[in-house]
Amino acid sequence: MKKSLFLGFLALVLLLFFPYSASAASVWGDVNGDRRFSAADAVMVLQYATGRDVAVTAIADADNDGEVTASDVVLLLRGLIKPTLKVEGFALDFDADTDYYLCSPEDFTACSILKYTGFARCTVQVEQYAGYCPYQKEPYVLGEPLQLGHGRARITVTGTLPDGTQKEYLIALADPNPEGYACIMAQVTENTAMRTIGHPGAKVLARFKKGEKVYYLKTEGSWCRVEQLNTGTVGYIHQSCLQWGWQETEMPASYAESIGKLQAKHPNWHFTFVDVEMTLEEALNRYGADKAHYIDPLNYLTETRIFAMLDVSRCRFEAWTEVGIAAIWNRTSAVSKADAVSYFTAAAQSLNVNPYYLTCRAALESGYGTSKFAKGTVRGYEGYYNFYGIRCYDRNPTVGAAYAKERNWDSLLRSIAEGGNWVKNQYIDQGAVTPYFFRFAGFQQKEYMTDATAPVQEAALLRRAYANSAATVYFVIPVYRS
């Protein structure tokens, strides 16, 4: 009997640590010698392996195939043996029932996934983003350094059970260096090539025509490390062929009186003026003359509306408070004020983005968490959340819910943080550094929303958050050409 029990336990060990060495059915045996595999055999092995009292009635036909087999025991073991994950370089309170984590390492070079134990085979994938496309997306060997560069990193740990089902855990690592988030949209100023290294004779990775856009990552000597849009290909372009960011210009005389009054009342407010490379007439032709009031920057140079020009790309956490977030999320919904403060603060710290802006964008798009997308109640997509209205079209409302499911936004925090990552990468990093630019005159000439009044609505919420604040605030004011 002891020998049989030992063999049964050995089979369990094999299944646990070498799940692909044999099928689930073949490793379970006749432990009690009655010449058949039954619930009694499973009970004896489970009791020996776990040190727990397991009743025969606990072994049920879990997979509904009409009999108790090894696959039923596999299902039971999932509840008895919880996976564990050991990491180094960052704090992680791992719980097998929680699939999403936001972590803040102090040093990227010290980060690694040391060990995974559990009733599954483990694979780890590392993605690190410069802009929206990953410039690193490689399989990872447990115990090795993660070899992180700059920017936010996403570590996906996938456990594959013997029956083929998978459990995925996503760990988002914030870059400890704020400069690592500086993915700036740049414009190619003349026909040129992107090369593998910063040398004129290096292999050509891609060719660009004058006016095309790339992500500027950093300068190395006389060459710039850049990322190609859409493909994520990273290479080098000579710095003489690039121009990045909005180009500053002089303040128009028509702005002077209003700006002067704001500056006198708020000496901690700083204003930058940028050339949007079009005339006001061209903007009216593009967006519609009926939106003239909301297009003309002169109509935003007031105490409240100026916050439509708030530079949301600037990240100074000492300038923000929980009171400010609560002032924006001031309505009762499925997301309480306390939860909103917690979620948007955590998301902003992970993304290095203004939490006030994330909060007001989500508040307006989700109706303060009351929309069916934010509540995760879209029929057929229950349990998946979309707070920023991403791909939520009036003509086909299920598209936004399907996208949330595709991205596995299965919790409020994950939807707020990863949806915020989409907002940052698709708009803020591409030149939409103010609420105004989300709707008009965007660097990529794409609008986040159709509502022309959105910048005004956001300005009112942001002004509420900054009420009585002595923090330094930066504004970027568009200037249309004559």
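The values are calculated or read from the model by the stated rules, or taken from the named source; none is laboratory data. Please read these numbers as outputs of a predicted model, since none were measured by experiment. No Cβ is skipped: glycine too gets one built from the backbone with ideal geometry, and neighbour counts run over all protein chains shown.
Among the residues in the range 354-376, are any farther than 25 Å from PHE307 by Cβ, not in a helix (DSSP H, G or I) and not acidic (Asp, Glu)? Let's see the steps before the verdict.
Here is the first cut: in the range 354-376, the ones farther than 25 Å from PHE307 by Cβ are 372-373, 375-376.
Restricting the remaining residues to those that are not in a helix (DSSP H, G or I) gives 376.
Still in the list and also not acidic (Asp, Glu): 376.
Yes; the residues of the range 354-376 include at least one that is farther than 25 Å from PHE307 by Cβ, not in a helix (DSSP H, G or I) and not acidic (Asp, Glu).
The residues of the range 219-242 that are touching a helix residue (DSSP H, G or I) at 6+ places or on another chain (Cβ under 9 Å) and assigned to a strand (DSSP E or B), listed by number, are THR219, TRP223, CYS224. Pairing residues of the range 273-293 that are loosely packed, with under 14 Cβ neighbours inside 10 Å and at pLDDT 90 or above with residues that are in a strand (DSSP E or B) and not acidic (Asp, Glu), at Cβ distances under 6 Å and at least 6 apart in sequence or on separate chains, gives THR279/TYR480; THR279/ARG481.
Would you point out which residue out of LEU310, LEU301 is under 14 Å from VAL479 (Cα atoms) and not small (Gly, Ala, Ser)? Don't jump to the end; show me each part of the working.
On the way: LEU310 fails: under 14 Å from VAL479 (Cα atoms).
Criteria check complete, one pass: LEU301.
For the range 447-454, the condition of being assigned to a loop (DSSP other than H, G, I, E, B), out of contact with any helix residue (DSSP H, G or I) (no Cβ under 7 Å at 6 or more places or on another chain) and hydroxyl-bearing (Ser, Thr, Tyr) holds for at least one residue. Return a yes/no flag: does the range 194-209 have any residue that is part of a strand (DSSP E or B), touching a residue at least 60 places away in the same chain (Cβ under 8 Å) and not hydroxyl-bearing (Ser, Thr, Tyr). Within the range 194-209, not a single residue is part of a strand (DSSP E or B), touching a residue at least 60 places away in the same chain (Cβ under 8 Å) and not hydroxyl-bearing (Ser, Thr, Tyr). Of all residues in the range 334-362, those that are in contact (Cβ under 8 Å) with a residue 24 or more places away in the chain have Cβ atoms under 6 Å from Cβ atoms of residues that are aromatic (Phe, Trp, Tyr) and in a helix (DSSP H, G or I), 6 or more apart or on another chain, in ASN352/TYR181; PRO355/PHE344; LEU358/PHE344; THR359/PHE344. Can you confirm whether ARG207 is buried (at least 19 other Cβ atoms within 10 Å of the Cβ), modelled with pLDDT of 85 or more and touching a strand residue (DSSP E or B) at 6+ places or on another chain (Cβ under 9 Å)? No: the conditions fail for ARG207.
Go through the range 243-297 residue by residue and tally those that are among the hydrophobic types (A, V, I, L, M, F, W, C), assigned to a helix (DSSP H, G or I), within 24 Å of SER313 (Cα to Cα) and within 35 Å of the chain's Cα centre (by Cα).
In the first step, residues of the range 243-297 are kept if they are among the hydrophobic types (A, V, I, L, M, F, W, C); the result is 244, 246, 251, 253, 256, 259, 262, 264, 269, 271, 273-274, 276, 278, 280, 283-284, 289, 292, 295.
Imposing the further condition that a residue be assigned to a helix (DSSP H, G or I) reduces the set to 253, 256, 259, 262, 264, 280, 283-284, 289, 292, 295.
From what is left, the residues that are within 24 Å of SER313 (Cα to Cα) are 259, 262, 283, 295.
Going one step further and asking which of them are within 35 Å of the chain's Cα centre (by Cα), we end up with 283, 295.
Adding up the residues that qualify gives 2.
For the range 387-445, how many residues are part of a loop (DSSP other than H, G, I, E, B), touching a residue at least 24 places away in the same chain (Cβ under 8 Å) and crowded, with 19+ Cβ neighbours inside 10 Å? Residues in the range 387-445 being part of a loop (DSSP other than H, G, I, E, B), touching a residue at least 24 places away in the same chain (Cβ under 8 Å) and crowded, with 19+ Cβ neighbours inside 10 Å: 12 in total.
Counting residues in the range 96-108 that are part of a helix (DSSP H, G or I), touching a Pro at 6+ places or on another chain (Cβ under 7 Å) and either buried (at least 16 other Cβ atoms within 10 Å of the Cβ) or modelled with pLDDT of 85 or more (or both) gives one or more.
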